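What follows is a set of notes on a single structure, which appears directly below.
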Amino acid sequence: MRARILGVVAAVVVLIAAAVGYGLYSRDRGPEVNAVAVVTGQPVSVQAKGQLLFRNTAEGPDFGHLATVPADRPGETRKVSGLSCDRFAASAGTALCLAAQPGVLPPMTDVIVLDKDLTEIRRIELPGTPSRGRVSPDGKLAYWTLFVNGDSYAETGFSTRAGIFNLSTGKLTKSIEEMTLLLDGKPYYSSDVNYWGITFAADGKKFYATVGTKGKTYLVEADYEKLVARMIRENVECPSLSPDGKRVAFKKRVSADVAAPWRLAVLDLASGRETMLAETRSVDDQAAWLDDRTVAYGLESGIWAVPADGSGTARELVQRGSSPAGV
């Protein structure tokens with residue numbers, strides 16, 4: 001028992017050290033000259049159509065800042081704003097910025113909701129470090145996942161915490177873990193239930209997410225108003241609902257190799273048919289749909305895209321970028 005407790009304490013120490021280091025690294029601007037060509041000082045609107053928004057990860061004074069390029073010409077000079085984030089998302093004129101507070105113990109994150117011109121609407125301080133962030137198709141809901149530590153059921157000393165902010169009502173749900181969870185139509189209870197990777201339907205009521213319990217992951221379909229979720233499929237992580245609401249892009253665990261455990265796949269919700277995508281490398285990201293035919297994701301310090309029907313090949317859209325959001 002003593003050895004197990006020491007092991008847990010050591011894991012927590014490692015997690016906290018990593019979190020602090022992550023916060024410091026995420027804001028380390030590096031060289032005084034940007035590693036790629038950028039244009040600064042110009043206004044950025046998240047509502048302007050035909051653009052690809054993303055987090056700039058090129059070394060230099062604008063590292064971590066929100067950037068944009070034309071969606072059909074992503075190789076052009078990127079326009080960079082003054083907003084600095086660790087995760088970014090936008091939809092329908094609403095933006096979400098997750099920013100880790102550097103050097104803070106225990107780790108804390110600012111969840112920042114902004115309007116189309118990047119004017120701050122609401123700032124929420126929550127424990128943890130940034131993991132995932134998204135905005136609903138109608139722009140009325142912002143939701144996120146943070147890595148946290150200290151949950152008693154987590155033997156490694158950390159877990160995730162998923163929350164939702166309603167811009168229309170001002171309602172803040174710091175954690176969706178209090179939802180009623182159904183398995184085969186019956187209430188499911190377990191102290192290790194853990195949610196992450198929320199994605200909303202266009203109606204602002206139905207959403208999907210991953211739930212982890214007993215060493216397995218499941219896709220859940222949930223009702224935001226009733227706060228009831230039901231498990232509908234095993235081995236689905238970080239779901240992302242397509243614009244037409246008919247498919248979910250997700251991470252599928254295909255290997256026990258910790259260096260390459262996942263492949264990107266798309267699930268047809270009506271038929272249950274899975275399609276493995278042409279990206280053969282392991283992707284640890286919540287994919288973003290650029291349109292009904294294409295998903296984008298961060299991988300190997302760049303933003304890549306691949307057809308959603310399993311055809312074609314993966315192609316790099318932007319070098320030194322992450323957190324893609326298409327408008």
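The values are calculated or read from the model by the stated rules, or taken from the named source; none is laboratory data. No experiment lies behind these values; they were computed from the predicted model shown. With ideal geometry, Cβ positions are generated from the backbone for all residues, glycine too; neighbour counts draw on all protein chains shown. Protein only, heavy atoms only, side chains kept; ligands, DNA and RNA dropped before computing areas. Shrake-Rupley method; radii C 1.70, N 1.55, O 1.52, S 1.80 Å.
Some observations on this one:
- Within the chain, the longest run free of exposed loop sites, counting chymotrypsin sites (Phe, Trp or Tyr not before Pro) that sit outside DSSP helix and strand states (H, G, I, E, B) and have at most 12 other Cβ atoms within 10 Å, spans 1-152.
- Taking segment 210-233 and a reference point 7 angstrom along Cα→Cβ of Thr180, the backbone N atoms nearer than 17 Å belong to 221-232.
- When shorter helices are ignored and each DSSP H run of at least 4 residues is given -39500 (n - 2.57), the per-residue value for the chain at 222 nm works out to -2500 deg cm²/dmol.
- In segment 210-261, GluC sites (Glu not before Pro) in a DSSP loop with at most 10 other beta-carbon atoms within 10 Å: Glu225
- Taking trypsin sites (Lys or Arg not before Pro) in DSSP loop states with no more than 14 other Cβ atoms inside 10 Å as exposed sites, the chain has its longest site-free stretch at 50-170.
- Accessible area per residue, Å², segment 179-245 with all protein chains present, probe 1.4 Å: 45 Å²
- Kirkwood hydrodynamic radius of segment 195-322, Cα pairs, Å: 14.8 Å
- Maximal additional length on extending the Arg293-Lys246 stretch stands at 15.7 nm, based on 0.36 nm per residue less the C-alpha distance.
- Segment 171-264 - percent of accessible surface contributed by carbon and sulfur, probe 1.4 Å: 49 percent
- Partnerless cysteines, meaning none of the other Cys C-beta atoms lie under 4.7 Å away, in the chain: Cys238
- Projected over all directions and averaged, the alpha-carbon convex hull of the chain occupies 16.7 nm².
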